[in-house]
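As structure tokens, the structure follows; a few thoughts come after it.
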Amino acid sequence: MVTKRRTSAGRGAEAHPDDIFPLVLTSATQELFGCRADEDLTEDKPHKLLNKGDMVQDMKTRAAVSDFSPVKQLVLDYPEDEILLVFDREFTYGQSFYLALTPEAKERILNPPQTEDEELGEVQEDEELVVKTPEPQVWVPLGSELEIEDDSTKPSRDKLRFKFSRARRGFGAPVSFSDRVAGDDVHTCVSYKDDKFSLKRKERECGVQAIPSLQTSSAQTQWKYPRNMCTQYEPREFSPEEKEKYLHSEQMRDFINSVAPRVLEALQQNHIMDVFVDDWRTLGEDVGGKVDTHLKEYQSFTDLNYSKDKTISHINWHPSINGVVAVAMVERASLEERIDNSTKLLLKPPLLLFWSFSDPINPQLLLECPDDVLSFEFCPSDPNIIVGGCMNGLVVLWDISAHVERLQGTRPAAGRSASVSTATFDFEEKKKNEVPAVRYCAISAIESGHKAPITDVQWLPETFEVTRMGVPVANTNTTCVQLVTCAPNCSVMFWDIRSQKTGAQSASDKKQKVEDNPYSVPDTFSHLNLTWKPLVKVTLPRIDSSAAGFPYSPLKFSLQHNTRDRHPDPVPSAAPPAERPPNPLDYSSLRVPSAKNPKSLDDVNTKFYVGTEDGELVYTDWRLEKDNDSGRLFSSKPSHYFIAHDGLVNTVQRSPFFKDIILTVGGWTFAIWKDGVMEGALMQSPCSEKRYTAGCWSQTRPAVLFIGREDGNMEVWDLLEKSHEPSEVQNITTHSITCIKPRLFSLPQTSVSLQKVSMGKYFEKELERLLYFMKRREMRGQEKRSMETEEQRKKTESTVAEQTLEMLEEEDRKEYERYLALEKVNLKDLGLLPDA
């Protein structure tokens, strides 16, 4: 008995029997097995017998990606060597293909049984096919003849008769014509409109349709079996005698003498100007037609186990291995939720994931973290060393030297190419394909580090190092050994990864540390673990000490001599990555400082920019000053500060093409600054509708900026095109963009040089505009102060004049009162005024 069950397709799909399984075959599978829809398999020829061994091999090779993986066990249990595949053009069972899972089903499909009703129907059809002559039918009027009569034309009056006659003698008589002047004896017949007569014109409706003549034809080409063939060509050459003859001939000498000047001229022109350069590409995108400027998604990475319900805090490209990107993620929870779920978070430690474009499904490497990492950087001199800043204020170091081959993709296939027994089919091999987890080598001392989340970390270049006084000196080790971190606890710290203790470790101490290492952690930085302290601590006091408030709270910073903002070299696609050195550098044996008498470097600028959580940009110096009374070291006050943004600053980055141009992003605006110009920003963007969350410079075009917003949109600004609005706004994701890191693969030097010159002129004009604006503002301020002084003087003079008039009136009044009193006394003496 064959049972039927409903498939998961639409309503129109029928229930399929248990011995039939609907399938969806991708174009790659159809090409591999020779069952392409409407090409190899058609509606007339829908059947295809597949080899069972080929299907099993496909499931071994592609594992879960194979289209036959849903029927893996059924294919293995099939007793015969060939399995029937049917092309279902009408989607009877919900899919375009289905498999016959039993030999009975295959026989039923290939040789369907014929029922008695079908046989009877064929006999009846043969009987009914009798040719008969059609008989004429009686016309039945239905009213259409009335419409024909109405549309037909009928006479409405009797026909008019006219008779024209002429005398017989006038026949054949000569006729003469002459010119006459129009006068009274000439009568003209002028046409006029007769209101009493009107000609009614009947309209007729008729339709015409042109139908092309159709013809059905078909053609079929006979298919022949392809054959492998080859053809080899051999050049026809002169014999040695003929060569000698032509080389010494007079014609050859004349030909060379005639063309030699033209060839030399052509070579000179080719040397002066490259004739193979693409002028349209050099002129730019505005010439040569419309160019697609939209951003296209190249690859996306996600993992349900490690990245689900988390927020990406920072990303970085691997400096030496092409196609590898590292991602740091944090829990999407508030401080109260972290406190409530602290036990759960401890059981699931944070991770830093390494992804590769060659395998976008599985991460290649996991780095364990003591807490959520907000920022991390690869060491420029040794990409296997990674430093990160945690949310709890700790600085953490990793060494991934043992896993470089895995990231390079040269590791063995971990059992994928090994022979597998036919009795047991295990396509997962979890133990062999597990992602390795690397534990951190060292973390900083809790009591000596930051007391707030570390928001930015950078390596110092390998050309110099910093002493405890903050003085830059020459680095003789020619490797990066110091780094800088900042946190909102009002401090910027310098760290040294070399051992602070003098003297090398003994062999017994190293052996004891190896025995006490249960996690097989590399001992690269074992001398720093839990004892690592900052070398220099720089605080950021307020410029106005009388103002109430805490020191500046840094979030991002930018050094003039750094390794992050310098222009990276393009990574060639076919260049092999550097191999691991046989003897890695022992950081515990390096001395601090690198030289006994270090040489001070005066050309290193110790001033740097800091972006705060209040939207301020602070320009300060990391050199420490010594108090003459107590001898203690303290940080000097910042030289300048600007209220740059209306929200926390999330980006402070120097241009890769102009070392003195800085981009800051925060709140609802971004600004461009010039190093050494303390009058203000060269450019301030208008307020955006949504808050800006990230920003960066383009690595190939000096005038292009990428700004990320909280609504998931990215703004592309081309300052050479327009500076009042973005050139392009495109939606990237539904959540906030937290970090942008462009990758440079190729660099068109000609186009970059032209744009760099244009941007240099643009910045010069903006600087002139800023200086002119500051000059005008100062002049307007002086005018305003002079006007206020003049108004105050006039007001004072008017007040003095009013006071003088009042005093005179008061004196006149008193004088009049004395006069009245004297008059009264005189009148009493004369007896003219009676006593009261």
On a 19 Å Cα-Cα criterion, which of the cross-link pairs LYS537/LYS626; LYS154/LYS200; LYS60/LYS308 come out too long?
LYS60/LYS308
For the residues ARG701, ARG813, what sequence is obtained by ranking on other C-beta atoms within 10 Å, fewest first?
ARG813, ARG701
Quick one: check the C-alpha center-to-center distance for the stretch 697-721 versus the stretch 338-415, whole angstrom.
29 Å
Taking 0.36 nm per residue of sequence separation and subtracting the Cα-Cα distance, how much length would be gained by fully extending the chain between THR42 and PHE162, in nm to one decimal?
35.2 nm
In debye to the nearest 20, how big a dipole does the stretch 198-259 give about its Cα centre with +1 on each Lys and Arg Cβ and -1 on each Asp and Glu Cβ?
1080 debye
The stretch 4-112 - Rg over Rh from alpha carbon coordinates, Kirkwood radius
0.93
List the lysines whose alpha-carbon lies under 21 Å from that of LYS45, not counting same-chain residues fewer than 8 positions away?
LYS106, LYS224
Here, GLU368 and ILE543, labelled 7 Å along Cα→Cβ, have an inter-label distance in nm of 4.8 nm
Between the modelled labels at LEU830 and THR738 (7 Å from Cα along Cα→Cβ) the distance in nm is 10.9 nm
Using the beta-carbon distance between MET779 and LYS690 and R0 = 41 Å, what value does 1/(1 + (r/R0)^6) give for FRET efficiency, to the nearest 0.05?
0.60
For LYS814, counting only lysines whose alpha-carbon sits under 19 Å away and dropping same-chain residues fewer than eight positions off, the answer is LYS824
Would you please put 256-262, 599-605 in order of how densely packed they are, using the mean number of other Cβ atoms within 10 angstrom per residue and starting with the highest?
599-605, 256-262
Least to most buried among SER594, SER249, SER630 (fewest other Cβ within 10 Å first):
SER630, SER249, SER594
When TYR306, TYR819 are ordered from fewest to most other Cβ atoms inside 10 Å of their Cβ, what list results?
TYR819, TYR306
Among the listed pairs LYS533/LYS637; LYS556/LYS765; LYS556/LYS674, give every one whose C-alpha distance is greater than 22 Å.
LYS533/LYS637; LYS556/LYS765
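A short reminder: the numbers here are calculations on the coordinates, not readings from a lab. All values reported here derive from a predicted model rather than from experimental measurement. Cβ coordinates were reconstructed from backbone atoms using ideal geometry, including for glycine residues, and neighbour counts include every protein chain displayed.
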